[in-house]
Amino acid sequence: GVEHHHWWYRSLRHLTRASIQKHLRRPLDDLNILDAGCGTGENLRFLAECFPSAKIDGFDVSEKAIAFAREKSPGADIYQSDICSPELRRKTYDIVISYDVIYIPGLSDAEQGLQAIISRINPGGLLLMNLAAYNWLRSEHDVAVHSKERFTRSIVEQAVQRLGLEICVSTYRLCLLFPLVLLSRLPSILMPRRSKESATSDLKPSSNIANSVFGMIQSLEHRWISKGRTFPFGSSVFVVARKPSGQR
């Protein structure tokens, strides 16, 4: 599938692994991991490869996506649920990821569901989120994927702190490629919005050359992030937050 090979998804998966290895303050065996909004399951498959002893769950609203995810990750517990009122099948989780999900219902509608998820994260456990940045960057892609809201870093940080978590990483992503992202979206940003039925997503197969070049640029960017540095702008906001050790 596109998500397996595309440089955008591959680079985010590699950043996920590096962030967990750096910021999770416990051994990396026998983890309980949840992907809240797992889509077609590419992250579930990757997490199972990285952490073979982990118990991995994923939920999504789309039955079609769940069917793909179950094929890719037969060992995971994958089920239908909604980020706004999630069904949670384990008493506790060590790691929760939620990538490009909350911008669909919007933060105000998703916050109660996030609170329920965070209540199940073990003290010292992590929440990793990737969210689309800047409402002014809304384009046909946002219409196609039914998104309600894009975010700034400060809005995400405020929400995370309001939910009682400590911020380990908070940065924009795709800073180095931002001029290209902006150029590619400019016609769609400036033109009148198409209907949900006719709008098309940005997600398309990427050439081997593009995967190689853009993947290398993102690898450099993520190395910078892994060293604790941040980027002042970009088309995504990436956050790693930890549940305080004394909190249940």
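The values are calculated or read from the model by the stated rules, or taken from the named source; none is laboratory data. What you are looking at is a predicted structure, and each value in this text was computed from that prediction instead of being measured. All Cβ positions, glycine included, derive from the backbone under ideal geometry; neighbour counts span all protein chains shown.
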| query | Taking L12, is it surrounded by 21 or more Cβ atoms within 10 Å (Cβ to Cβ), assigned to a helix (DSSP H, G or I) and either touching a helix residue (DSSP H, G or I) at 6+ places or on another chain (Cβ under 8 Å) or not aromatic (F, W, Y) (or both)? | reply | yes
| query | Can you tell me which residue in the range 41-55 is surrounded by the fewest Cβ atoms within 10 Å (Cβ to Cβ), limited to those that are within 17 Å of H4 (Cβ to Cβ) and among the hydrophobic types (A, V, I, L, M, F, W, C)? | reply | C50
| remark: Listed by first then second residue, the pairs whose first member lies in the range 217-234 and is surrounded by 11 or more Cβ atoms within 10 Å (Cβ to Cβ), whose partner is modelled with pLDDT of 95 or more and among the β-branched types (V, I, T), with beta carbons under 7 Å and at least 6 positions apart or on separate chains, are I225/V169; I225/T171; T230/T171; F231/T171
| task | Answer with yes or no whether I217 is assigned to a helix (DSSP H, G or I), at pLDDT below 95 and of a type in the set (V, I, T). | result | no
| said: Just the residues that are crowded, with 17+ Cβ neighbours inside 10 Å, of a type in the set (G, A, S) and either touching a Leu at 6+ places or on another chain (Cβ under 6 Å) or over 25 Å from G106 (Cα atoms) (or both), please, taken from the range 70-88. | reply: S73, A76
| If you take the residues of the range 8-39 that are among the β-branched types (V, I, T) and over 13 Å from the mean Cα position of the chain (by Cα), which of them is nearest to Y93 (Cα to Cα)? | I33
| From the list K91, K148, which residue is over 30 Å from L190 (Cα atoms), surrounded by fewer than 21 Cβ atoms within 10 Å (Cβ to Cβ) and of a type in the set (K, R)? | K91
| query | Within the range 221-243, can you find the residues that are among the hydroxyl-bearing types (S, T, Y), under 15 Å from the mean Cα position of the chain (by Cα) and assigned to a helix (DSSP H, G or I)? | reply | none
| What is the number of the single condition among (1) in contact with a Gly (Cβ under 9 Å, 6 or more places away or on another chain); (2) crowded, with 19+ Cβ neighbours inside 10 Å; (3) under 18 Å from R162 (Cα atoms); (4) not polar (S, T, N, Q) that F59 does not meet? | (3)
| When C38 is evaluated against the numbered criteria (1) more than 16 Å from E3 (Cα to Cα); (2) assigned to a loop (DSSP other than H, G, I, E, B), which criterion, by number, is the only one it fails? | (1)
